[in-house]
Structures are given as C-alpha cells and as structure tokens.
Amino acid sequence: MITQCIMPGSPCDTKAWKHTEDKQDKGNPLPDGTVPDGPYQGRPLAEAALDIISNIVGPSVQETVAQIHAQAPNARIVLMGYPPLLSNDALCLSRVPGLGISPDEAQWLNGVAHYLAQVMFEAAGSERRQGVDVGYVNPQAFFHGKAICGDPETIHGIVTDLTTSDIPNIDWPFFQFGLSNQAFHPKIAGARLYADALEYALEGWPKS
C-alpha cells in the first residue's frame, strides 16, 4: 500500500488495491486456495485496506492469540501494535516532483494505522474476556513526532541501499535498483521506542 501511495497518479486513498506476491514464497494461500487480499484487488484502497484489517487481520490476530494460549495456558501474552509511520505530513518524502506522499495521503495512511490499532485492541479484548491473560500495547504515543520525517526520525523512509536479502526491482548485470525491506521499518532508535512502550505497559500490567 505504501509503495502504491508513493507512485504518481491518483490520490492514495482512491488507487486500486494491487497484490504483489513475495517472489520467494509466492504468497501464502489460504485453505480455499486464495491469497489473503485476492477478493480485494481492484477495489479502492480506502475501502479495501479497512476491510482487510477488519475481515482478515483482526480475526487472524485473535486466532493467533487463542492458539498461543492453548499451547501455553499460563503465559502472559503481549500484543504489540503499530505506530503511524509518518510525521510532519511526510514532507520529507516529496523531494521528487510527482512522487512521494502528499499531506492528505499521509493523514489518510496514519488514519489507517489508527484503525489497525483499534482492531488489534478489540481482538486482544475479545480474548481477554475469554479468560486469556493478554494485553494490547499501543506504541503510538512513544512515536509521536518521531516517525518518518520526524525529529528525531526513528523509522526508515525510502531506502534503496539493498541488502543481500532484498530482491531488486531492476536486476541487471551491473545495475540493481529497488526498495529495500528496511524501508518503512524501525531504525535502532525505533526499536528502543518499542521496548519503552512494552516496558511501560508491563509495569502497569494488572496482577493475575
């Protein structure tokens, strides 16, 4: 979704959802043989993204928590959430005319992140009501103003320095180019913020 938003053309929330399978694992088919976002392809991102979170991500998270509890019934389960990826309206990603993410798109993407947080919180709450010792940790406050384009920036923006595990979009004998898997993932400082959020939550965790 981020990749589609960066490319020029229509606004991010009106673009059609496009699924790109992992070139190494060729996607992970569901029991019925469809890839998770197959039914959502071709629909506007504004519809498809929220429906995927509601209909696939939320139930999958809840089922995963239930399976962990079944295997380790005395375990304390912590479900870590995701922060909004963009600060300062993602202005630092608009250095190339026609590319990047506009302020409106940045606000929409962060809104999707807030919705994801809500669905994950509800998934944890549903399992907790079933007697599972599970809690949801929302790291958004810890990353406020410190995501991509933030100060300090604790999440990688566009990274084109490929590592050995990255698969380039262009792979010629003397030239490789692509978006690294490091892009839009936490830097070391971001990992520290995740740890801070977890430790803060554990300090206030109710005793069972």
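List of remarks:
- Applied to the stretch 196-202, the Karplus parametrisation 6.51 cos²θ - 1.76 cosθ + 1.60 on θ = phi - 60° returns per-residue 3J(HN,Hα) values of 4, 4, 5, 5, 4, 5, 5 Hz, with x for Gly and Pro.
- Peptide ranges 186-193, 71-78 listed from the most packed, as the mean C-beta count within 10 angstrom indicates: 186-193, 71-78
- Along each principal axis, Cα extent of the stretch 72-152, largest first, Å: 54, 22, 18
- Solvent-accessible ranking of Trp108, Trp205, largest area first, probe 1.4 Å: Trp108, Trp205
- Amide proton proximity set for Trp17, modelled H, under 5 Å, gap of 5+: Gly42, Arg43, Leu45
- Amide H contacts of Leu86: Ile148, each under 5 Å away and 5 or more positions distant or on a separate chain (H built 1.01 Å from N in the peptide plane; Pro and chain starts excluded).
- Remark: the stretch 46-51, residue by residue, has Karplus-estimated 3J(HN,Hα) of 4, 8, 5, 4, 5, 5 Hz, where x stands for each Gly or Pro and the curve is 6.51 cos²θ - 1.76 cosθ + 1.60 at θ = phi - 60°.
The values are calculated or read from the model by the stated rules, or taken from the named source; none is laboratory data. What you see is a predicted model; the values in this text were computed from it and never measured. Positions of Cβ are backbone-derived with ideal geometry, glycine not excepted, and every protein chain shown enters the neighbour counts. Only protein heavy atoms, including side chains, enter the accessible area calculation; ligands, DNA and RNA are left aside. Shrake-Rupley method; radii C 1.70, N 1.55, O 1.52, S 1.80 Å.
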